[in-house]
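The block underneath contains the structure these notes are about, expressed in structure tokens.
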Amino acid sequence: AGYERVLELDVKLGQVSIRNPRAAPGELPKTFTFDAVYDASSKQADLYDETVRPLIDSVLQGFNGTVFAYGQTGTGKTYTMQGAWAEPEKRGIIPSAFEHIFTHISRSQNQQYLVRASYLEIYQEEIRDLLAKDQSKKLELKENPETGVYIKDLSSFVTKNVKEIEHVMNLGSQTRSVGSTNMNEHSSRSHAIFLITIECSETGPDGEEHIRVGKLNLVDLAGSERQSKMGAHGERPKEASKINLSLSALGNVISALVDGRSTHIPYRDSKLTRLLQDSLGGNAKTIMVATLGPASHSYDESLSTLRFANRAKNIKNKPRVNEDPKDTLLREFQEEIVRLKAQLEKRGMLGKKRRRSSRRKKAPEGEGTAENEGEDDNEEGLEKNMENYLKEQKERLEEEKAAIQDDHSLVSEEKQKLLQEKEKMIEDLRKEQEATELLAIKYKAMESKLLIGGRTIVDHTNEQQKMLELRRQEIAEQKRREREMQQEVLLRDEETMELRETFTSLQQEVEIKTKKLKKLYAKLQAVKAEIQDQHDEYIRVRQDLEEAQNEQTRELKLK
């Protein structure tokens, strides 16, 4: 749109500098340093491999993990989180994470996994389950002293592969609240959270089954922006005030966590901060991706995003592995499978016993039916056993029925009675058959829900892929270390500068000190400008709030 570019990103150093387009000629740009910076030429895979992959690995080991995307509308939050699914190059964090999780499971040995997915959104401070049949139902937050904050009645689906979990995601995305604003035609008007719970059970060194549970929150926040700029009308301003409210609550929580002085952290100010309480300063590893617009017209928003991210960088979390929690579904499923197996075996055994006793009974009766004694009792497998037994019983009953009808010596009443008995026995047999089939189906279904590592793999290519991934991780790690060292070097340089200086003459000393003075003066000006900016920002926010308040007072009077 013909605006100038105000952002400069240094990927190697992990620095972002932003220049004020309305600044005086001599004013310096503001510089922020982060753990990693990705510019316009970076690929989705760079972000995933360097930053997100280690987090997903931790989740698979039983930690809690959260990935946030924060920023102004139209700067690529949803693109970062979801990307273009069809093109492998452009896939975002979520599809890559799905792939990563199920690949890891298929390669693991002697471990059982259960993967569940839930999808919810917070729209106008109300929680909606995106996977529920009834979308109008509002869910409520509850707190459990052991597991922390959770959502009552949130539906979750057990998924066995990437296709299934993608299907769950797509179903949810169709019902998500998006709306068109000036900044973006498919603007996310709600905070969406995709929740993946990975339960893993393996036998520990003590011979006991241990279950670890990792929870992964993938959060796509709604856009943060000024209402005037969005050109939004109707529902939009109301949405925006709710969005800005929950985002400012998020900002307050982060400020409170960072400044170290405040005893109270306002998690309860919004549903979003309450739900992500663990991710902010609690039991979780958290990544925050801040997205920026490079054009001069979004300078204010970009600056406030940078400040927000800069504060968030200083939060200290305390993650730990969730070992053997009480409420795992995996354990319930395993117990259910054992129970069903026992029932099926009992039925199978019953089948054999009955067949033998029926033969013993039959010989004295002498109804004139032929006996096929020569069949083997060692059936293969449970199902065949059951089928043959039931078939045989049915045939025998039919034959007996026919024999009764043929036997003219029986009085007709007796005949009727015997026939009814036989009918009843045939009916019972059918019921038993149905019950057994149901049990077998149930057993199979339960077993298929658990994913067991290391079954369907072409080992060789797998090894190579593993090696490739390891190399990738090493490279990413190297880059990260390089960045950190460079940042360190810059800091040291400033400190050691003064120590090294010995002066040959007074003239030189004056020159060097003048230079230093200028440098410090520039720093002072930058800090002053920063203070002024903060003050302006505060006034602007205050005006926004006052406007909103006046608007509401007016509405109230009207009502």
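Of everything listed in (1) under 33 Å from the mean Cα position of the chain (by Cα); (2) surrounded by 12 or more Cβ atoms within 10 Å (Cβ to Cβ), the single unmet condition for Lys516 is (1).
The residues of the range 53-77 that are under 18 Å from Leu280 (Cα atoms) and part of a helix (DSSP H, G or I), listed by number, are Leu55, Ile56, Ser58, Val59. Restricting the range 520-539 to residues that are surrounded by 12 or more Cβ atoms within 10 Å (Cβ to Cβ) and of a type in the set (D, E, K, R) leaves a set whose member that is nearest to Asp493 (Cα to Cα) is Glu530.
Restricting Asp57, Asp129 to residues that are crowded, with 18+ Cβ neighbours inside 10 Å, within 29 Å of Arg274 (Cβ to Cβ) and without any contact (Cβ under 8 Å) to a residue 60 or more places away in the chain narrows the list to Asp129.
Among the residues of the range 176-209, those identified as open to solvent by 50 Å² or more (accessible area, probe 1.4 Å) and modelled with pLDDT of 80 or more are Glu202, Thr203, Pro205, Asp206, Gly207, Glu208, Glu209. In the condition set (1) open to solvent by 40 Å² or more (accessible area, probe 1.4 Å); (2) at pLDDT 90 or above; (3) of a type outside the set (Phe, Trp, Tyr); (4) in a helix (DSSP H, G or I), Arg116 is compliant with all but (4). Here is a check on your reading of the model: is Arg542 open to solvent by 100 Å² or more (accessible area, probe 1.4 Å), over 28 Å from Ile18 (Cβ atoms) and within 42 Å of the chain's Cα centre (by Cα)? In short, no. Checking Lys12 against (1) of a type in the set (Lys, Arg); (2) open to solvent by less than 60 Å² (accessible area, probe 1.4 Å); (3) over 30 Å from Tyr113 (Cα atoms), which test does it fail? Only one criterion is unmet by Lys12, namely (2).
For the range 503-512, state whether one or more residues are surrounded by 10 or more Cβ atoms within 10 Å (Cβ to Cβ), of a type in the set (Ser, Thr, Tyr) and out of contact with any Pro (no Cβ under 9 Å at 6 or more places or on another chain). No: zero hits. For the range 317-337, a tally of residues being open to solvent by 70 Å² or more (accessible area, probe 1.4 Å) and in contact (Cβ under 8 Å) with a residue 40 or more places away in the chain returns 5. Looking across the range 28-52, the residues that are in a loop (DSSP other than H, G, I, E, B) and either open to solvent by less than 40 Å² (accessible area, probe 1.4 Å) or in contact (Cβ under 8 Å) with a residue 24 or more places away in the chain (or both) come down to Leu28, Phe34, Asp35, Ala36, Val37, Tyr38, Asp39, Ala40, Ser42, Lys43. Checking each residue in the range 64-88 for being surrounded by 22 or more Cβ atoms within 10 Å (Cβ to Cβ) and over 17 Å from Thr291 (Cβ atoms) picks out Asn64, Gly65.
Answer with yes or no whether Asn372 is closer than 30 Å to Ala256 by Cβ and either modelled with pLDDT of 50 or more or outside the structural domain of Thr75 (by the TED database) (or both). Considered against the rule, which asks whether it is closer than 30 Å to Ala256 by Cβ and either modelled with pLDDT of 50 or more or outside the structural domain of Thr75 (by the TED database) (or both), Asn372 comes out as no. The set of residues in the range 12-30 that are of a type in the set (S, T, N, Q), in contact with a helix residue (DSSP H, G or I) (Cβ under 9 Å, 6 or more places away or on another chain) and within 15 Å of Asp300 (Cα to Cα) contains only Asn20.
Among the candidates Ser298, Ser255, the residue that is open to solvent by less than 10 Å² (accessible area, probe 1.4 Å), of a type outside the set (A, V, I, L, M) and not assigned by the TED database to the domain that holds Arg542 is uniquely Ser298. Scanning the range 409-428 for residues that are open to solvent by less than 60 Å² (accessible area, probe 1.4 Å) and modelled with pLDDT of 85 or more turns up just one, Ile426. Within the option set Pro25, Pro21, being free of Cβ contacts under 8 Å to residues at least 60 places away in the same chain and outside the structural domain of Ile198 (by the TED database) holds for one residue only, Pro25.
Remark: pairs (first residue in the range 74-88, assigned by the TED database to the domain that holds Leu221 and modelled with pLDDT of 85 or more; second residue in a loop (DSSP other than H, G, I, E, B) and open to solvent by less than 30 Å² (accessible area, probe 1.4 Å); Cβ separation under 6 Å; 6+ apart in sequence or on different chains) = Thr75/Gly293; Thr80/Gly92; Met81/Gly92; Gln82/Gly92; Gly83/Gly92. The residues listed here are Thr286, Thr305; of these, the one that is assigned by the TED database to the domain that holds Leu141, open to solvent by less than 20 Å² (accessible area, probe 1.4 Å) and either within 29 Å of Ala40 (Cβ to Cβ) or in a loop (DSSP other than H, G, I, E, B) (or both) is Thr305.
Residues of the range 89-98 that are crowded, with 17+ Cβ neighbours inside 10 Å and assigned to a helix (DSSP H, G or I): Ile93, Ile94, Pro95, Ser96, Ala97, Phe98.
The values are calculated or read from the model by the stated rules, or taken from the named source; none is laboratory data. Everything numeric here is computed off the predicted structure, so don't read it as measured data. Note that we place each Cβ from the backbone using ideal geometry, even for glycine, and neighbour counts take in every protein chain shown. Surface accessibility is based on the protein's heavy atoms, side chains included, excluding ligands, DNA and RNA. Shrake-Rupley method; radii C 1.70, N 1.55, O 1.52, S 1.80 Å.
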